[in-house]
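Working notes for the structure below.
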Amino acid sequence: MKRILYILSIGVMMCMASCEQDVMPVLGDVIADEVTSSTIVCHCDVLEGSIDACGVYYDTSKNRVSSKKATKLEGTFDGSAITVELTKLTPNKNYYIMAYGMNELGEGNSAVATIKTTHRMPGAGDNTLPGVEK
């Protein structure tokens, strides 16, 4: 009986040790938090795994993003989500965004999201209104 309990306790300890092992990051969907004519602030929940580095791939071409040949921008990780701010974007343009999270086991990626910047308002950035002379 003692031998069986000993074997069971070793099995439980081994199971607990393996349950604590890290996994490659698993990411949720990219969600837009704020969108302007030149900026997109977005986040992506980390569903599993630790994160050592994170960010997004983004471009106006979905194929470049999917193949990771797009612009790569570092983000921040708050313990549950990756957040990134894309700036200097073109107004009224679709941007394809795929989040990434990395740890010692590899890189996990989100699905590719499509987020469109807003139209630029007339006179934005030049302090003038249409039809009004300086």
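The values are calculated or read from the model by the stated rules, or taken from the named source; none is laboratory data. None of these values were measured; they are calculated from a predicted model. Here the Cβ positions follow ideal geometry from the backbone for every residue, glycine too, while neighbour counts run over all protein chains shown.
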When the residues of region 103-121 are narrowed to those that are among the hydrophobic types (A, V, I, L, M, F, W, C) and surrounded by fewer than 18 Cβ atoms within 10 Å (Cβ to Cβ), which ends up farthest from residue 81 (Cα to Cα)? 121
Out of (1) modelled with pLDDT of 95 or more; (2) out of contact with any Cys (no Cβ under 7 Å at 6 or more places or on another chain), what's the single condition that is false for residue 119? (1)
Taking the stated definitions as given, is residue 47 of a type in the set (A, V, I, L, M, F, W, C), out of contact with any helix residue (DSSP H, G or I) (no Cβ under 7 Å at 6 or more places or on another chain) and at pLDDT below 95? no
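Is there a residue being over 16 Å from residue 37 (Cβ atoms), assigned to a strand (DSSP E or B) and at pLDDT 95 or above anywhere in region 89-97?
Restricting attention to region 89-97, the residues satisfying the condition of being over 16 Å from residue 37 (Cβ atoms) are 96-97.
Then drop every residue that is not assigned to a strand (DSSP E or B), which leaves 96-97.
Next cut, at pLDDT 95 or above only: 96-97.
For region 89-97, residues over 16 Å from residue 37 (Cβ atoms), assigned to a strand (DSSP E or B) and at pLDDT 95 or above: present.
Listed here are the residues, each with its yes/no results for (1) closer than 15 Å to residue 115 by Cβ; (2) under 13 Å from the mean Cα position of the chain (by Cα).
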position: 40; (1), (2): yes, yes
position: 44; (1), (2): yes, yes
position: 49; (1), (2): no, no
position: 54; (1), (2): no, yes
position: 59; (1), (2): yes, no
position: 64; (1), (2): no, no
position: 86; (1), (2): yes, yes
position: 91; (1), (2): yes, no
position: 95; (1), (2): yes, no
Looking at region 60-76 only, could you name the residues that are surrounded by fewer than 20 Cβ atoms within 10 Å (Cβ to Cβ), not in a loop (DSSP other than H, G, I, E, B) and not polar (S, T, N, Q)? 62, 64, 72, 73, 74
Can you confirm whether region 45-57 contains a residue that is of a type in the set (Ser, Thr, Tyr) and outside any loop (DSSP other than H, G, I, E, B)? yes
